[in-house]
Every structure is written in structure tokens, then in C-alpha cells.
1. Report, as a whole number in µm² per second, the diffusion coefficient that Stokes-Einstein gives for the stretch 252-344 at 20 °C and 1.002 mPa s using the Kirkwood radius over alpha carbon pairs.
2. What Rg and what Dmax come out for the stretch 259-415 when only alpha-carbon atoms are used, in angstroms?
3. Run the quick spin-label model on GLU524 and PHE539: label points 7 Å from Cα toward the beta carbon, then report their separation in nm to one decimal.
4. Straight-line reach from LYS389: which aspartates and glutamates fall under 14 Å, measuring Cα to Cα and dropping same-chain residues less than 8 apart?
5. Radius of gyration and Dmax for the stretch 494-537's Cα atoms, expressed in Å?
6. Percent relative contact order of the stretch 1-78, based on C-alpha pairs within less than 8 angstrom and at least six residues apart?
7. Give me the one-decimal Kirkwood hydrodynamic radius in Å for the stretch 453-545, with the sum taken over alpha-carbon pairs.
8. What percent of all Cα-Cα pairs in the stretch 354-443 falls in each 5 Å bin, counting up from 0?
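The values are calculated or read from the model by the stated rules, or taken from the named source; none is laboratory data. From a predicted model like this one, the values you see are computed outputs, not experimental measurements. A quick note on method: Cβ atoms are made from the backbone with ideal geometry, for glycine too, and the neighbour counts reach across all protein chains shown. The area values use the complete protein model at the heavy-atom level, side chains included, leaving out ligands, DNA and RNA. Shrake-Rupley method; radii C 1.70, N 1.55, O 1.52, S 1.80 Å.
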Amino acid sequence: RITILSSGSLRILNASKSDEGKYSCQGVNVFGSAEIIASLSVKEPTRIELTPKKIELTVGESIVLSCKAIHDSTLEVTFYWTLNGQPIDFEKEGGHFESIKAQSSSADLMIRNILLMHAGRYGCRVQTTADMVSDETELLVRGPPGPPGVVIVEEITDTTATLSWSPGADNHSPISLYNLQARSPFSLGWQTVKTVPDVISGDMESAMAVELNPWVEYEFRVVATNKIGTGDPSVPSRMIRTNEAVPKTSPANVSGRSGRRHELVIAWEPVSEEFQNGEGFGYIVAFRPNGTRGWKEKMVTSSDASKFIYRDESVPPLTPFEVKVGVYNNKGDGPFSPIVVICSAEGEPTAAPVDVKATSLSVSEILVAWKHIKESLGRPQGFEVGYWKDMEQEEAAEKVKTEGNESSILLTGLEGNTLYHLTVRAYNAAGYGPPSPAVRAATKKSPPSQAPSNIMWIQDGSHVSLGWEPVRPLANESDVMGYKVLFRQEGQSNSQVIETQKTSAVVLLPDVGVYIIEVCAVSEGGDGTTSPQIRVPSFSGGKVTNAQSTLHVLSTSSSATLLLALMVPSTSW
């Protein structure tokens, strides 16, 4: 049990407490001797318990692994955790792993929200200064199946595709069924398709996708499911196109549209490319007068067409027709839509408006009014008024429109003192009717540009007597019809107005305060330029006083300067 090795070392096998003590080793030669002393302490062996020993969990669950060390009380222990022989890096595992050490002789490993990648052999290693021991446990994680293998399209018809695939990993839970999905340029992402058999069991590796649309490009993929859940889909198959077939979808919402006289306008919703089923797609428009037997058919070769116009000078307005629209492609003719009854076009209005009158309202406005003959063909949707200056050609006319049954319109933004020619015509979806004979109206002359001048006023308490020199308009301006006196309290925006045909007026200031007074001429073309503002204080607020009054002059010329200091004893002048 105790042996001295050739090197001089001492080997003790199966050491026990009785072997504890001090050991000396002495070396001797002709020159002398040397000695070392070694102390031997014998410790209890370290043992560990790792629980649980074998675990089966489902993705998303959590578990705690416990590692307990039974060791000599004089030794300190250190715990290390491994996964498949590699140390666990707790900083890089996204919070799934946490080491918990509640006592000096035990440690726990918390695994949260387990993923498939966390399956494997978990090891606990205990290290002391005397020895090192370890143990392992197996963690099996069940989860949804992995993606199936490559999907192969084996056979294609106009409405079916036969597919095959290889199974993916079942992740410790047998695959119960498969689901086939397809994607086309017309679908919103991947869609589950009908199959034969209707339910694809987990032991199958092929199936047929059915009820596909002819002449459409498809990609396919397969998804596996087990009792844990549905896994990731397979890689998409190569893109294939189903075979051509006779179209089966007829146009929807066949109806009539407005058109010109002697026209039958037939409209429909175009068939989507998804349902055209092949190349050479077009429409067959069939129609006949109501009550007749034979159909007249016209081919429309554009797949995007949504309207067909049939013109026949012998067809009266609003003649009822039976109409249906069919489809065709290179494989043959498809179905017709249900028969509907629509009428030939009413046509554009045939009569011009009557009693057209144009009335000048101001320097920039003319009111145009008219009447419409209701018995005429072509019901109007509105009216168009054209107007142009006397020196211009009718082709340069500006145009404004009304809608509905309006019988008048106010033209604004016109030039002053200008003669205009005006016409009115009705319109609808088919076009425009004939214009009325032109009428004429001239806008008013511009209002006087000169403001009232040399304004004089006498204030007697709250009464202000005003006078001014008359305004003399220029040749191209409207005659003066009277005057307006505008007054307002300072700080307010709304003015009170006194109208007079004279060149004088008396203003009663109703409240105490400062008033602003202006005067302007009134003409057929509108109000003229206002005079400079007069600021008049009122101290009596509408009460009449006997105080002396002073004549004031707001002069725009030198002729009135001598009146500034004139004193008058009365309230009139």
C-alpha cells in the first residue's frame, strides 16, 4: 500500500485518516545529508447529487436543476455548469439561464422559457483544493415540428398540382398532419389551399392541391403540425404556371352609360387576369332591341376593356335593348353574363336656353338669367355661360358652369365700364347643346376716384355738422348719386352710415369718446374713395349743450385756410 518509487517519491494508496502526520525524506551522500518534512492531511472525498436526472419539457416551459455537494467541512467548493461539455456563458444566453447559489454546498441552474436549442447534456462540476467531481443530466425539449424538406411539384393540370416533400424534425412529438399553402400574384400572401386528401396525415409525404385557377403562376410550401403546435414552413417550391382552360367567369355589373344621340353604350367590370384562364382573352358583347329574337354580337379583343359603344343612326333615343356580355380565350368561349335591359343614349341637349337676360349690377358683376325648354330631348345636367369682351372673338370666351336646375349665375371679377357678350348652353354627359343667341351687357363705370375735399365741421356737444365740396367724377367714372358719412367709435371696426344726396350732414355722436368720421361719394359703380379720417371727441354723450361751437376745416387746398378760426354761435351753418 505504501511504496518508495525509484525517483525517491513516496506513494500511499487508499489513504485513510491513519495516514495523517508528518513525513520526512532524507538524502545522504559522501558530502553530507539533506532533509525535507511534509505534512499530510487526509480529507473526506467530495460527492455530488444532480437532480432531476432526466427531464422532458415542452418549448416555453422552465426548469431548475439542483446540484448538491457533500464534502469535507474544512474545504471550500466551487460550482461550474456546462451544456454539452461547454461552459455556460450566462451573459450571452439572453436571460434564459441563471445560476443561483443559496447555500455554500449547493447551487441551482434556472432555465427560463426553454427553446429547442436548449436541449442536451447539462453538467455540474464541483471543484475543491483536494479533488474535483462532476455529474450530468439529460434535458429533452419537445416542440413544434421543424420545416419540411424541399417541396417538389410533380404534375400540373389546369386546376391541380401534385406535390411531394420530405419530413422535417418532429422535435420529440410525432407529426400529426401537414398543411399545403400557395401564393400567386393575386393573393394576399400565403393562403391555405384545398387538397386531396382533404386531411394530410403526418405519415404522408405527397398530396394534390386542387381548385387552383388556370393559367396562374403559383408557389407552394408545406407546414407540419404536432400536438405541441405548428412549425415553420418549408422553403417555397419553384414557381409553376397551371395549364390554360376555357374561361368560366363572366363580367359583372353590366349596365348602360350616357352617350351621344343614336348610341348604345354598354359597360361592365373587366374580368381580373386571375380568372381569364389563358391567353387571347376578350369579350363578346351581345345585344338586341327589346322584344326581338336575333342577337347582334361584337368582339372586344382587349382584356382590359370595360365599355363598348354601338352607333346606329336609326336607333331613336331611349330605345330599350337586352344586353349580355360573354368571355373567350384561345381555348374557347366562356359564359355570358345575365341579360339586362338598358336604353340607348338620350343624347346631348337639343334646345338652347331661352329668355337669356344679362343685368349689370356693379363695376365688376353681371347677373345672367335664362329659361330651359323642358320638352326638349337630352336632359341637361347643368348650364355653361360663355362671356367675352366686345373687342374679342367668341373663341376667346371664358366659361363658367352651373350644376342641376340653376337658372341664373352671377359673373364676378369683370372689368369696369366694359361691354360683354354672353351666351348660355345646356350640357350633360353626352355633350353640349346649342348656345343661345348672344346678349350684351356693360359693367358699370368705376366709382369716383376723387374723395370729398375741404371737409368742414362744427361740433356742438354731441352734434357734429359736416360740409364738403362736391365730388366731380372723371369722364370714365360713374356719376355721383349721393354721399355716405361713416362714423365709428375709436377702437371699433363696425361703422354707422348716414346717406345723403347733399354735400352736408349732421351726425349725432351717441356715447362719450373719440369718433372717427369719413365721407365718400356713392355712384352706380359703387362707393368712391373715402376722405381722410376726422377724429372728433364727444364729451356729452348725446346730450345737447349751449356751449359755443368752433368751425373746423380739413382742407385739401389753400382756399379754406381763412375759415379755421371762425367762431359761430349756433349749431347750423
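1. Numbers: Rh = 13.6 Å.
So the translational diffusion coefficient is about 158 µm²/s.
2. Taking only Cα atoms of the stretch 259-415, I get Rg and Dmax of 23.1, 72 Å.
3. Each label point is offset 7 Å from its Cα along the Cβ direction, giving 4.9 nm.
4. In chain and number order, the partners are GLU365, GLU398, GLU415.
5. 11.7, 36
6. 21
7. Working: mean 1/r = 0.0727 Å⁻¹.
Roughly 13.7 Å, rounded to one decimal.
8. 3, 15, 27, 25, 16, 9, 4, 1
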